[in-house]
Amino acid sequence: MCVTILALETSCDETSAAVVVDGSKILSNIISSQVDVHKKFGGVVPEVASRKHLELINHVVEESLLEAGLEFGNLDAVAVTYGPGLVGALLVGVSAAKALAYGLDLPLVGVNHIEGHIYANFAVEPGLEFPLICLVVSGGHTDLVYMEKHGSYKVLGKTRDDAAGEAFDKVARTLGLGYPGGPLVERLAGEGDPESIKLPRAYLEKGSLDFSFSGLKSAVINYLHRAEQKHEEVNRADLAAGFQKAVSDVLVDKTIEAALETGVSTILLAGGVAANGRLRADLAGKAGGKSIKVNVPPLILCTDNAAMIGCAAYHKFLREAFAPLTLNAVPDLKLGEERYEGNFRRIVF
Ligand code: KG4
Ligand code: ZN
């Protein structure tokens with residue numbers, strides 16, 4: 001079967017449209033980033049993000065078809081992220097996708113943004129074998145997920161406070177690096193010594209697969225403040241490197257613990273923080289020592305993009321898990337949950 005899906009993603013500050021065939025052949029993946037618009041505010045301004053999505057959505061859709069060399073008539077379904085995310089931002093993508101699905105008489109597939117991040121892994125390795133452990137690390141999530149089969153998610157652990165990406169962004173702000181913080185911290189850390197400044201690692205109670213990054217973030221802030229009060233020079237590169245290593249150590253150790261506990265032999269990495277070179281290298285290194293395989297999406301599929309939504313949507317399409325045209329944005333949508341308004345099941349002949 002050859003299934004061509006147009007996917008839209010507008011949950012935060014990237015306006016993106018992609019055309020994906022059979023869940024892994026990415027014909028186009030147009031990402032219009034609003035980073036420059038939000039940069040001057042030091043973070044994403046929700047209202048501004050919604051307005052920008054409105055301006056850009058039609059352009060990215062047109063561009064995605066053009067690049068794919070296809071027309072609306074070649075599509076089999078329209079997919080869209082309907083949560084979690086910023087409600088106003090999500091609504092732009094959801095409204096556009098519903099209009100397209102209605103106008104073109106195509107099935108609509110509602111996708112969870114986090115599910116999309118996970119499925120970026122299937123774009124490169126469509127034949128990944130279950131069960132799998134996936135570490136999802138983004139600006140809003142830090143989840144350790146057990147997948148028994150497609151569409152099945154058991155959250156084994158999650159952050160109790162800051163998400164890993166959020167900690168990167170806050171530490172970047174403290175270091176005066178700007179937004180988005182992750183890549184800037186990584187670049188600075190590359191010039192520093194990760195062992196020079198000792199920072200805490202929160203492993204929590206024995207056996208817990210939960211995370212906590214607020215203590216580490218506060219330790220970085222306190223370190224800088226104490227040095228300022230004593231008029232001491234701080235090696236910011238060493239501090240960034242120490243912070244990055246502390247985050248990576250806990251994420252990697254708990255992910256491997258989860259794989260060993262569940263007897264899973266393949267780990268997936270997903271979400272914006274999965275773009276971090278230190279984390280990718282540490283995970284591959286430590287998992288390799290335990291004969292566990294690690295799959296990591298290419299950098300462009302780690303941060304927000306519509307192709308990953310198209311990959312996840314394909315498997316929902318196969319299960320005929322379609323959304324009604326009353327689909328709404330669900331800002332707090334949980335992984336594995338479907339929250340559609342009304343009951344609707346579309347039969348495809
Ligand atoms: O998945 P994503 O693009 O958006 C959300 O769904 O949140 O993730 C964005 C997060 C931000 O916190 C950003 O600072 C972080 O991912 N990030 C990184 C890197 N690239 C992006 N964190 C560490 N190292 C990176 N190279
Ligand atoms: Zn994301």
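Do we have any residue at all in the stretch 312-322 that's in contact with a strand residue (DSSP E or B) (Cβ under 6 Å, 6 or more places away or on another chain), surrounded by 16 or more Cβ atoms within 10 Å (Cβ to Cβ), farther than 29 Å from I30 by Cα and modelled with pLDDT of 95 or more? The answer is no; no qualifying residue exists. Scoring D143 on the criteria (1) of a type in the set (D, E); (2) free of Cβ contacts under 8 Å to residues at least 40 places away in the same chain; (3) buried (at least 24 other Cβ atoms within 10 Å of the Cβ) leaves a single failure, condition (2). If you go through the stretch 123-153 and pick out every residue that is over 17 Å from the mean Cα position of the chain (by Cα) and over 23 Å from P298 (Cβ atoms), you end up with 4. Note on the stretch 262-349: enclosed helices (runs of 4 or more DSSP H) holding 3 or more residues that are within 16 Å of ligand 1 (Cβ to nearest atom) and under 15 Å from the mean Cα position of the chain (by Cα) are 299-302, 307-318. Counting only helices (runs of 4 or more DSSP H) wholly contained in the stretch 16-105, the ones carrying 3 or more residues that are surrounded by fewer than 16 Cβ atoms within 10 Å (Cβ to Cβ) and free of Cβ contacts under 8 Å to residues at least 40 places away in the same chain occupy 46-68, 87-104. Quick one: is V136 hydrophobic (A, V, I, L, M, F, W, C) and away from ligand 2 (no atom under 16 Å from the Cβ)? Here the answer is no, as V136 does not meet what is asked.
Just checking, how many residues over the stretch 191-200 are surrounded by fewer than 15 Cβ atoms within 10 Å (Cβ to Cβ) and modelled with pLDDT of 95 or more? Qualifying residue count, the stretch 191-200: 5. Scanning the stretch 17-30 for residues that are touching a Gly at 6+ places or on another chain (Cβ under 9 Å) and not aliphatic (A, V, I, L, M) yields G23, S28, N29. E257 - would you say it is more than 16 Å from ligand 2 (Cβ to nearest atom) and either exposed (fewer than 15 other Cβ atoms within 10 Å of the Cβ) or aromatic (F, W, Y) (or both)? Answer is no for this residue. Can you find a residue in the stretch 52-72 that is under 23 Å from P107 (Cα atoms) and aromatic (F, W, Y)? Within the stretch 52-72, one or more residues are under 23 Å from P107 (Cα atoms) and aromatic (F, W, Y).
Among the criteria (1) crowded, with 21+ Cβ neighbours inside 10 Å; (2) over 28 Å from G165 (Cα atoms), the one H117 does not fulfil is (2).
Before we move on, is G285 among the small types (G, A, S), at pLDDT 95 or above and crowded, with 24+ Cβ neighbours inside 10 Å? The answer is no for G285. Just one of the listed residues (L224, L209) is in the same structural domain as D253 (by TED's automatic domain parsing), of a type in the set (A, V, I, L, M, F, W, C), over 27 Å from V145 (Cα atoms) and surrounded by 13 or more Cβ atoms within 10 Å (Cβ to Cβ), and it is L224. Can you find even one residue in the stretch 144-156 that is assigned by TED's automatic domain parsing to the domain that holds F213 and touching a Ser or Thr at 6+ places or on another chain (Cβ under 7 Å)? Looking for residues that are assigned by TED's automatic domain parsing to the domain that holds F213 and touching a Ser or Thr at 6+ places or on another chain (Cβ under 7 Å), one finds at least one in the stretch 144-156, hence yes. The lone criterion from (1) among the polar types (S, T, N, Q); (2) more than 16 Å from ligand 1 (Cβ to nearest atom); (3) under 25 Å from A246 (Cα atoms) left unmet by T159 is number (2). Can you spot a residue in the stretch 122-136 that is among the β-branched types (V, I, T), within 24 Å of E257 (Cβ to Cβ), within 16 Å of ligand 1 (Cβ to nearest atom) and at pLDDT 95 or above? Yes: one or more hits. So, A172, is that one farther than 25 Å from G285 by Cα, away from ligand 2 (no atom under 16 Å from the Cβ) and modelled with pLDDT of 95 or more or not? Yes.
The values are calculated or read from the model by the stated rules, or taken from the named source; none is laboratory data. Note that this is a predicted model, so its numbers are computed, not measured. FYI the Cβ positions are ideal-geometry reconstructions off the backbone, even for glycines, and counts take in every protein chain you see.
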